[in-house]
Amino acid sequence: MKPLKIVVLAKQVPDTRNVGKNAMKEDGTVNRAALPAIFNPEDLHALEQALRLKDRIPGSAVHLLTMGPGRAADIIREGLFRGADGGVLLTDRKFAGADTLATSYALAQAVRKMNPDIILAGRQAIDGDTAQVGPQVAEKLHWPQVTYAEEIISCDGRKVQVKRRLERGVETVAALLPLVITVHGSAPACRPRHAKQLMKYKRAKTLSEFQESGNDAYDSRLPDHLRITEWSVADVGGDESQFGLAGSPTKVKKIENIVFQSKESKRLTASDADMDALIKELMANHTIG
Ligand SMILES: Cc1cc2nc3c(=O)[nH]c(=O)nc-3n(C[C@H](O)[C@H](O)[C@H](O)COP(=O)(O)OP(=O)(O)OC[C@H]3O[C@@H](n4cnc5c(N)ncnc54)[C@H](O)[C@@H]3O)c2cc1C
């Protein structure tokens with residue numbers, strides 16, 4: 001069976017479980033420096049599906065692709081610690097402030113250069129929450145897409161069978177490679193870091209990180225597997241007016257921090273009476289129905 005080149009789209013996101021008052025900048029963009037950064041949860045599920053494909057088809061390789069500031073190199077390292085073979089950090093001030101359209105354009109440019117057989121992405125990122133990037137990347141590449149995947153049931157190197165988790169239940173679909181699959185949070189959790197991988201990759205760095213620690217260039221003695229690829233706009237090519245804020249039709253007009261007051265919360269039991277009263281209240285204020 002032909003080994004697969006697998007790319008996982010993984011985003012470094014602010015840990016929105018710890019949002020403080022300086023989380024947002026005046027211009028409505030996220031103040032990423034103020035928030036702990038984590039691996040987007042559903043992207044870890046996507047990574048696990050990618051690693052299972054690699055386990056199943058000998059010779060296959062898994063590479064992560066992440067667009068973000070320099071510190072997003074942590075995403076690549078985390079993937080390496082869990083079994084990936086490499087990754088690319090797409091970083092350039094010209095990518096900053098991108099909405100989903102500009103984000104997917106930049107990712108699609110990089111994907112063309114990586115030339116994979118299959119792309120796995122998370123269904124949704126916990127910060128923008130739009131679930132748009134995966135499908136948009138597929139559109140940009142003119143590839144089919146299977147979203148809300150819970151499991152890749154089978155893959156013969158040419159065709160995949162995928163179980164999807166939908167509101168109304170489970171659906172099994174088949175599709176031909178190449179394609180984009182977005183993975184739902186109901187999929188199996190990602191395997192933990194592997195001690196051997198951790199030892200092998202703990203010193204992996206991008207060139208910028210190397211330069212930040214006072215070196216001009218990579219130490220020639222540094223083995224290739226410890227050099228994390230870093231691509232800028234110049235490396236991926238394309239129409240510069242479609243990157244970053246310039247390429248973003250969506251402008252975040254205003255962002256309000258909604259902090260719930262305790263008086264606004266109500267403790268309910270599972271009793272019929274409470275459920276009945278809740279439904280009536282939600283219908284009365286047009287939240288449902
Ligand atoms: C509060 C808030 C609201 C926003 N609202 C909008 C909006 O309405 N419309 C809009 O266009 N933009 C919006 N944005 C900007 C949006 O967050 C960014 O464009 C972002 O890069 C991608 O959108 P998303 O976070 O919704 O990702 P999603 O579309 O939810 O991400 C889906 C998947 O795509 C992949 N992916 C996404 N971003 C990256 C990345 N940088 N690197 C690698 N893989 C990635 C991951 O696998 C991820 O799981 C908003 C941002 C914030 C913080």
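The values are calculated or read from the model by the stated rules, or taken from the named source; none is laboratory data. Since the model is a prediction, treat every value here as computed from it, not as a measurement. Positions of Cβ are backbone-derived with ideal geometry, glycine not excepted, and every protein chain shown enters the neighbour counts. Ligands, DNA and RNA are excluded from the accessible area calculation, which covers all protein heavy atoms including side chains. Shrake-Rupley method; radii C 1.70, N 1.55, O 1.52, S 1.80 Å.
Structure notes:
- Heavy atoms of TRP231 accessible to a 1.4 Å probe, total area in Å² rounded to 10: 40
- For the stretch 5-247, the Cβ-based charge dipole about the Cα centre amounts to some 780 debye (Lys, Arg positive; Asp, Glu negative; other atoms uncharged).
- Computed over protein heavy atoms with a 1.4 Å probe, the accessible surface of the chain works out to 55 Å² per residue.
- Compared with the dominant Cα axis of the chain, that is its longest principal axis, helix 100-114 is turned about 30°.
- The alpha-carbon of LYS159 sits under 16 angstrom from the alpha-carbons of these lysines, leaving out residues fewer than 8 places away in its chain: LYS2, LYS5, LYS54.
- Charge tally for GLU240 (other residues, Cβ to Cβ under 14 Å; Lys, Arg +1; Asp, Glu -1): -1.
- Take the Cα of MET275, step 7 Å toward its Cβ, do the same at ARG71, and the gap between the two points is 4.5 nm.
- Fraction of accessible area attributable to carbon and sulfur, the chain (%, probe 1.4 Å): 53
- Sites listed here are GluC sites (Glu not before Pro) in the stretch 122-230 whose DSSP assignment is loop and whose Cβ has at most 10 other Cβ atoms within 10 Å: GLU167.
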